[in-house]
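Please read the structure below before turning to the comments.
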Amino acid sequence: MGTADLHIHTIYSDGTATPRAVLHHVSTYTDLDVIAITDHDTLRGALEALEAAPAYRVRVVPGMEISTREGHLLALFLETPVKPGLSFVETAQQVRLFGGLPFAAHPMAPLATSIGGRRLRQICRRHPGLLGGIEAFNGSSLLGERDNARAQNMRWELALVGIGCSDAHVLEQIGHGRTAFPGRGVEDLRQALESGAAVPLPSPRADQHYRRHALRFLLRFGLGVVSTLEGGEDGGGRIRLRRWRR
């Protein structure tokens, strides 16, 4: 069985590490086989990671977390950007048109920009098969067990594929929330998601979860300091905190 973390942010949205730093960290410090880079409303980080991935052990699924009018939608296997601001259904249809798989991100989470349960039921009834599934476990959910329990129950009620993700914004959070699937590669993962063979795996929060996030967000948004990789073109290198400018 392989494992994947399908919701990770980088400096190209509100994450605190560069795509290469993410690749190096995952390859060196985790046993994940596949990751998805899913920055808010941009593919820039995902495509950068996809290009750099051959130098690293881990494989990359390109994606986005898209802002719809009804909540965030997680788009996987997407290499053509979908503009934000459409309805949830229109966004999911665009993702499908471009060859991606659409998932409801952290559904019903009151402290996140999420689609509600009533609307999700309505979409599944009116557009069967449109969604690839639901994020049944989100490792960064502010209300933790309650939010994830509601998402898991909704997954069973609607007979949707469930995925587990970290929604990591700092390196140390990656892998705290993952999806298990038969095989090891990207194609194996896609086949498992489309056939319903993927399984969300809950994971406890990393030590000092909130303190680490607060510190890294302060460094990123207060001082412009992020986790970068030095000398990593060949898959090696070391992670350092450096000032970053777009």
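The values are calculated or read from the model by the stated rules, or taken from the named source; none is laboratory data. All values reported here derive from a predicted model rather than from experimental measurement. Please note: Cβ atoms are built from the backbone with ideal geometry, for glycine as well, and neighbour counts cover all protein chains shown. Side chains are part of the model used for accessible areas, which takes the heavy atoms of the whole protein and leaves out ligands, DNA and RNA. Shrake-Rupley method; radii C 1.70, N 1.55, O 1.52, S 1.80 Å.
Observations, loosely collected:
- Tally of residues being open to solvent by 20 Å² or more (accessible area, probe 1.4 Å) and in a helix (DSSP H, G or I) across the range 76-118: 6
- Selection within the range 33-46 - surrounded by fewer than 21 Cβ atoms within 10 Å (Cβ to Cβ) and either farther than 15 Å from Leu74 by Cβ or without any contact (Cβ under 8 Å) to a residue 24 or more places away in the chain (or both): Arg44
- Odd one out for Pro84, checked against (1) farther than 17 Å from His7 by Cα; (2) touching a His at 6+ places or on another chain (Cβ under 7 Å): (2)
- Condition met for Asp147 (of a type in the set (Asp, Glu), open to solvent by less than 50 Å² (accessible area, probe 1.4 Å) and in contact (Cβ under 8 Å) with a residue 40 or more places away in the chain): yes
- Among (1) closer than 19 Å to Ala112 by Cβ; (2) over 18 Å from the mean Cα position of the chain (by Cα), the one test that Thr68 misses: (2)
- Among residues that are at pLDDT 95 or above, buried (at least 22 other Cβ atoms within 10 Å of the Cβ) and part of a loop (DSSP other than H, G, I, E, B), Leu131 is included.
- Taking the criterion of being under 11 Å from Ala4 (Cα atoms) and among the aromatic types (Phe, Trp, Tyr), the only residue of the range 173-214 that qualifies is Phe181.
- Scanning the range 51-75 for residues that are hydroxyl-bearing (Ser, Thr, Tyr) and either in contact with a strand residue (DSSP E or B) (Cβ under 7 Å, 6 or more places away or on another chain) or surrounded by fewer than 17 Cβ atoms within 10 Å (Cβ to Cβ) (or both) yields a count of 1.
- Some residue of the range 210-222 being part of a loop (DSSP other than H, G, I, E, B) and surrounded by fewer than 15 Cβ atoms within 10 Å (Cβ to Cβ): no
- Just one of the listed residues (Arg155, Arg121) is open to solvent by 30 Å² or more (accessible area, probe 1.4 Å) and either in a helix (DSSP H, G or I) or at pLDDT below 95 (or both), and it is Arg121.
- Test for Leu23: is it in contact (Cβ under 8 Å) with a residue 12 or more places away in the chain, out of contact with any helix residue (DSSP H, G or I) (no Cβ under 8 Å at 6 or more places or on another chain), open to solvent by less than 20 Å² (accessible area, probe 1.4 Å) and farther than 16 Å from Phe103 by Cα: no
- Some residue of the range 180-195 being of a type in the set (A, V, I, L, M) and modelled with pLDDT under 95: no
- Any hit, the range 168-176, residues being within 21 Å of the chain's Cα centre (by Cα), closer than 17 Å to Gly133 by Cα, touching a residue at least 40 places away in the same chain (Cβ under 8 Å) and assigned to a strand (DSSP E or B): no
- Residue within the range 58-72 that is more than 21 Å from Val95 (Cβ to Cβ) and hydrophobic (A, V, I, L, M, F, W, C) present: yes
- Pick from the range 161-209, criterion of a type in the set (Val, Ile, Thr) and within 21 Å of Trp244 (Cβ to Cβ), ranking: surrounded by the most Cβ atoms within 10 Å (Cβ to Cβ): Ile174
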